[in-house]
Structures are given as C-alpha cells and as structure tokens.
Amino acid sequence: MGTMMGIALIAHVLSAIIWVGGMFFAWMILRPVAAAGLEAPARLRLWAGVFDRFFPWVWASVALILASGFWIILGFYKGFGNVAPHVHTMTALGIVMTAIYLVVYLGPYRRLRGAVAAQDWPAGGRHLGLIRRLIGINLIIGLLTAAVGAGGRYLI
C-alpha cells in the first residue's frame, strides 16, 4: 500500500504542477508578451496553437489528479470521514477548477478555434478574452489549492 500511495502522490503533485504551472506561464509570461507584440491575427493564431498543445496535457492532468486524489482518499484513508478538513477543501477547489476547465474547453476554446479558422478576428478576440478571464480565475484557485495542499494541515 505504501508504494501505491507514493505513486499516487507523485502523480497527483506532478499533474498539479503541469496544470497550474502552465496557467501561470500563460497568464503571467506569454499573455503580456503576445498582447504587446502581436497584431490580432497572429496573437489569436498563437493562442489557438498554444491551447491545442496545452489542453491535452490538462486533460491528462485532470484525469490523474482526480484518479489519484480519490484513490488516496477512498483507497488509502477509506473515505472522506477519515481525512483532514484541508483535504475536503482541496477536493472542492479541484472540482471547481475542473468545471471551469470544462467550460473553457467546451465553449470559448472551440469557438476561438472556429473564429481563427474563419479569420473572424473580432469574434476570436472576444472568445480569447473570456478564456483569459476564466484561466485567471482558475490560476488563482489553483494557487490557493496548492497552498492548502502544502500547508493546510497546519492552517485549517
């Protein structure tokens, strides 16, 4: 059981690093550079390409985070009644993050790709703006979730 717990924790943490780190890079580094240096067509093509490459990693990360987290809670600790309050908080925040990601993926991301394909730059800009806001929210939640995971047992 100890080896499985170690594997689950490693999968959980690495997946969170990939997802939250990718959002941090996109929001804090790539977004300002792209906004300052690229005209709308190039900027929208860039973002569509970035999301095309990043979102499969997010799907894998979400799957591993949920699978490993629920395995740890249900398989190792034998249920939510046996885990500390910060684990409940992490779980709730992770589910909210997943829901926001699904909204981004199924809505504005698909519309952004369609707008870029049609060269409808104003529509693409609107969709990218919504994606930017939702990823910003998810980044804040992701950083909060990481803080709860790292120090929650001492704070909550």
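Summary of computed values
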{"quantity": "Residue within segment 138-156 that is among the aliphatic types (A, V, I, L, M), in contact (Cβ under 8 Å) with a residue 12 or more places away in the chain and over 18 Å from TRP19 (Cβ atoms) present", "calculated": "yes"}
{"quantity": "Selection from segment 33-86 of residues that are of a type in the set (A, V, I, L, M) and touching a residue at least 60 places away in the same chain (Cβ under 8 Å)", "calculated": "ALA40, LEU44, ALA48, ILE72, ALA84"}
{"quantity": "Where a residue in segment 1-19 is closer than 17 Å to LEU139 by Cβ and among the aromatic types (Phe, Trp, Tyr) and its partner, wherever it lies, is surrounded by 15 or more Cβ atoms within 10 Å (Cβ to Cβ) and modelled with pLDDT of 95 or more, with Cβ under 6 Å and at least six apart", "calculated": "TRP19/VAL58; TRP19/SER61"}
{"quantity": "Residue among ARG31, ARG110, ARG53 that alone is under 14 Å from the mean Cα position of the chain (by Cα), modelled with pLDDT of 95 or more and closer than 22 Å to HIS127 by Cβ", "calculated": "ARG53"}
{"quantity": "Residue check for ALA63: in a helix (DSSP H, G or I) and either surrounded by fewer than 18 Cβ atoms within 10 Å (Cβ to Cβ) or polar (S, T, N, Q) (or both)", "calculated": "yes"}
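Matching residues to (1) assigned to a helix (DSSP H, G or I); (2) surrounded by 17 or more Cβ atoms within 10 Å (Cβ to Cβ); (3) modelled with pLDDT of 95 or more:
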{"position": "MET4", "(1), (2), (3)": "yes, no, no"}
{"position": "ALA11", "(1), (2), (3)": "yes, yes, yes"}
{"position": "GLY21", "(1), (2), (3)": "yes, no, yes"}
{"position": "ARG43", "(1), (2), (3)": "yes, yes, yes"}
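The values are calculated or read from the model by the stated rules, or taken from the named source; none is laboratory data. This is a predicted model, so every value here is computed, not measured. Backbone-built Cβ (ideal geometry, glycine too); neighbour counts: all protein chains shown.
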